[in-house]
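The values are calculated or read from the model by the stated rules, or taken from the named source; none is laboratory data. Just so it is clear, the structure is predicted and the values come from calculations on it, not from any experiment. Positions of Cβ are backbone-derived with ideal geometry, glycine not excepted, and every protein chain shown enters the neighbour counts. Calculation scope for accessible area: heavy atoms of the full protein, side chains included, ligands and nucleic acids excluded. Shrake-Rupley method; radii C 1.70, N 1.55, O 1.52, S 1.80 Å.
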Amino acid sequence: MDFLWQFDTEVFRAVNRSMNSPVLDPVFWLITSLGLGWVQVILVLGMLMKVELRKLVFPTLASLVLSSILLHIGKWQLPRLRPTNFEDTMLHPPEVPTLSSFPSGHTTSSFAIATTVVMLWPGNKLRAGLLLFMVATLIGISRVYRGVHWPTDVIAGAALGYATGAMVALAIMSKVNVK
């Protein structure tokens, strides 16, 4: 456990303190906002505008709901103090963290969306995958930069989101293949 704590604190300080810049603050605020549930729901519903993407809306919303349920179970079962509880953390307003730190909800939902969409994407998976997973990764980094999550919170959120998105996509694909 000492190794994980050392990893968390060193990487956290490198991102939260060393990268800190007035230029990056609004950039990471915008990126972290893409991980808010209501923003993600609006973006997913935006897929209704494109006929070939409409079939992705239900599975993607399902992965958001499932990942949120699993995330909250994790937060209740694995209570962990956020970096905001330590005095050398640079917290960026208007962050008001609630619940436990583990795992990162923004990261979980972002990876759930990315995984579901990429696995079910009707077009060029490479381009969509690079874009969606890059955005999900930046959202995770933004949570550390903004001082509300440890790096392992983000890694666990990415893994949970990926697993949830994959489960939903595989369930949809198996149902389609059965017919």
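Some notes on this structure:
- Between helix 105-120 and the chain: long-axis angle, C-alpha atoms, 0 to 90°, nearest 10: 30
- Taking every alpha-carbon pair under 8 Å whose residues sit at least 6 apart, the chain reaches a relative contact order of 32 percent.
- The residues of the stretch 1-155 have, on average, 55 Å² of accessible surface per residue, using a 1.4 Å probe with all protein chains present.
- CD proxy at 222 nm, helix term only [per DSSP H run n ≥ 4: -39500 (n - 2.57); per residue of the chain; nearest 500]: -22500 deg cm²/dmol
- Helix 125-145 axis, angle to the chain major axis (alpha carbon atoms, nearest 10°): 20
- Note on Val65 and Met173: their simple-model spin labels are 2.3 nm apart, each label 7 Å out from Cα toward Cβ.
- Separation of the Val57 and Asn20 label points, Cα + 7 Å toward Cβ, nm: 4.3
- Residue ranges 39-47, 107-115 sort as 107-115, 39-47 when ordered by packing (mean number of other C-beta atoms within 10 Å per residue, highest first).
- Spacing of the modelled spin labels on Ala159 and Leu48, each 7 Å from Cα toward Cβ, amounts to 3.7 nm.
- Portion, in percent, of the accessible area of the chain that falls on carbon or sulfur, probe 1.4 Å: 73
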